[in-house]
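Student: Quick one: this structure, given as C-alpha cells, is what I'll be asking you about.
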Amino acid sequence: MSPYHHVTDGKPYPAVMGITGVNDPGVPSWIVAKMIARLQAATASDRPMLLRVDFAVGHGLGSGRTQRERQVADEWSFILWQTGDPEFQLPAEPKALSERGPCCEVLRRKDRIYFDS
C-alpha cells in the first residue's frame, strides 16, 4: 500500500518538504504534489507541508552543481527552521512592501509558506 493511503485525517503530522523534479523519469511530479496536498488537508498540526519543484531536472538527472547546491541549501534551511535554529526563524510580522530589501523574503500565512521577491 502506498504512503498516500496511510495518511489519516486529524493526525498531527510533522513538517514535510516534498522534493520533485519535473523531468523525473522515475517518480512523476504529480505524485509528490498529491502527497503534500493530502498531508496539508489531513494534518492536525500547524507544521508546514511544502513542495519544492525543480523545473530543470529530475531525480538527479541533468542537475548541475549549482542546482544541487541550491537543493541542499533548501533542505538544510528547512531542517534548521523546523528544529528551531534562531537564524532560520520566520519574522513575527511580514515587512511592508516599502521596507523590504532586494533579497527574497519569506512570509508565513497560516500553515503555508510563500516566497516573495
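Student: The conditions are (1) assigned to a loop (DSSP other than H, G, I, E, B); (2) under 13 Å from the mean Cα position of the chain (by Cα); (3) modelled with pLDDT under 90; (4) of a type outside the set (A, V, I, L, M), and LYS95 fails exactly one of them. Which is it?
Tutor: Tallying (1) assigned to a loop (DSSP other than H, G, I, E, B); (2) under 13 Å from the mean Cα position of the chain (by Cα); (3) modelled with pLDDT under 90; (4) of a type outside the set (A, V, I, L, M), LYS95 fails exactly one: (2).
Student: How do the pairs read when you match residues in the stretch 82-99 that are of a type outside the set (Gly, Ala, Ser) with residues anywhere that are modelled with pLDDT of 90 or more and part of a loop (DSSP other than H, G, I, E, B), using Cβ under 7 Å and keeping only pairs 6 or more apart or on different chains?
Tutor: Filtered contacts from the stretch 82-99: GLN82/ALA15.
Student: Also, quick follow-up: I need the full set of residues from the stretch 1-33 which are among the β-branched types (Val, Ile, Thr), out of contact with any Gly (no Cβ under 8 Å at 6 or more places or on another chain) and without any contact (Cβ under 8 Å) to a residue 40 or more places away in the chain, in order please. Don't jump to the end; show me each part of the working.
Tutor: Filtering the stretch 1-33 for residues among the β-branched types (Val, Ile, Thr) gives 7-8, 16, 19-20, 22, 27, 31-32.
Imposing the further condition that a residue be out of contact with any Gly (no Cβ under 8 Å at 6 or more places or on another chain) reduces the set to 7-8, 16, 19, 27, 31.
Matches in the stretch 1-33: VAL7, THR8, VAL16, VAL27, ILE31.
Student: Could you look through the stretch 51-79, keep only residues that are among the small types (Gly, Ala, Ser) and not in a helix (DSSP H, G or I), and pick out the one that is modelled with the lowest pLDDT?
Tutor: Here is the first cut: in the stretch 51-79, the residues among the small types (Gly, Ala, Ser) are 56, 58, 60, 62-64, 73, 77.
Right, trim to not in a helix (DSSP H, G or I) and you get 56, 58, 60, 62-64.
Working: ALA56: 78, GLY58: 67, GLY60: 61, GLY62: 64, SER63: 69, GLY64: 80.
By that ranking, first place goes to GLY60.
Student: Go through (1) modelled with pLDDT under 95; (2) in a loop (DSSP other than H, G, I, E, B) one by one and return the number of the condition ALA44 breaks.
Tutor: Single failed check for ALA44: (1).
Student: Sort through VAL22, VAL16 and tell me the only one that's touching a helix residue (DSSP H, G or I) at 6+ places or on another chain (Cβ under 8 Å), at pLDDT below 90 and within 21 Å of GLU75 (Cα to Cα).
Tutor: Details: VAL16 fails: at pLDDT below 90.
Checking each option against the conditions leaves just VAL22.
The values are calculated or read from the model by the stated rules, or taken from the named source; none is laboratory data. From a predicted model like this one, the values you see are computed outputs, not experimental measurements. In this analysis, Cβ positions are derived from the backbone assuming ideal geometry, glycine residues included, and neighbour counts consider all displayed protein chains.
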